[in-house]
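The values are calculated or read from the model by the stated rules, or taken from the named source; none is laboratory data. A quick note: this is a predicted structure, and the numbers were derived from the prediction, not measured. A quick note on method: Cβ atoms are made from the backbone with ideal geometry, for glycine too, and the neighbour counts reach across all protein chains shown.
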Amino acid sequence: MKNMEGKVHSAMDRQCDERSYAAPVDVLMDIGLLDKKELDDWRRGRIPYLEAVCKGNLHKLSAITREMRSYARSKGWKESITEYRQWGAKSRVLRFSKSGDPDIEKSYSTHYCVNKK
């Protein structure tokens with residue numbers, strides 16, 4: 001998991017350098033656990049929940065979102081919950097997990113924002 005921590009940190013730092021925030025879905029793509037096409041299919045409502053197309057087991061995905069939260073807090077970054085809505089005509093709130101557990105959904109929908117001074 002040590003190697004995964006480094007990948008998560010690098011992805012978050014890169015995203016924050018480019019746009020001032022890091023998002024779990026983008027970290028998952030950066031580290032190779034989510035394909036852009038599958039993300040787009042989920043955003044269009046073709047996939048019922050994001051975890052169904054991620055290339056890691058639930059334990060690994062949970063560890064990644066925990067590591068993101070821990071790293072962001074160590075850097076003093078602000079948390080911002082973002083609602084993901086389906087693209088297109090039927091704009092419904094998208095699910096990240098099969099269970100729909102509010103804590104899991106929150107972990108995937110939390111973006112970490114660099115505090116600009």
| request: Give the residues of the stretch 69-81 that are of a type in the set (A, V, I, L, M, F, W, C) and touching a Ser or Thr at 6+ places or on another chain (Cβ under 8 Å), sorted by residue number. | output: Ile81
| query | Does Glu18 satisfy the criteria of being under 17 Å from Ala72 (Cα atoms), among the charged types (D, E, K, R) and surrounded by 13 or more Cβ atoms within 10 Å (Cβ to Cβ)? | reply | no
| remark: Exactly one of Tyr49, Tyr71 is in contact with a strand residue (DSSP E or B) (Cβ under 9 Å, 6 or more places away or on another chain), crowded, with 17+ Cβ neighbours inside 10 Å, of a type in the set (Ser, Thr, Tyr) and farther than 23 Å from Cys113 by Cβ, and that residue is Tyr49
| task | Could you grab me the full set of residues in the stretch 92-117 that are in a helix (DSSP H, G or I), within 19 Å of Tyr21 (Cα to Cα), touching a Ser or Thr at 6+ places or on another chain (Cβ under 9 Å) and in contact (Cβ under 8 Å) with a residue 12 or more places away in the chain? | result | Ser107, Tyr108, Ser109
| note | For Asp13, the lone unmet condition from (1) more than 23 Å from Asn3 (Cβ to Cβ); (2) surrounded by 13 or more Cβ atoms within 10 Å (Cβ to Cβ) is (1)
| message | For a quick check of your reading of the model, give me the residue pairs whose first member lies in the stretch 31-42 and is within 22 Å of Glu5 (Cα to Cα), whose second is modelled with pLDDT under 95 and surrounded by 17 or more Cβ atoms within 10 Å (Cβ to Cβ), with beta-carbon atoms closer than 8 Å and at least 6 apart or on different chains. | response | Leu33/Gly56
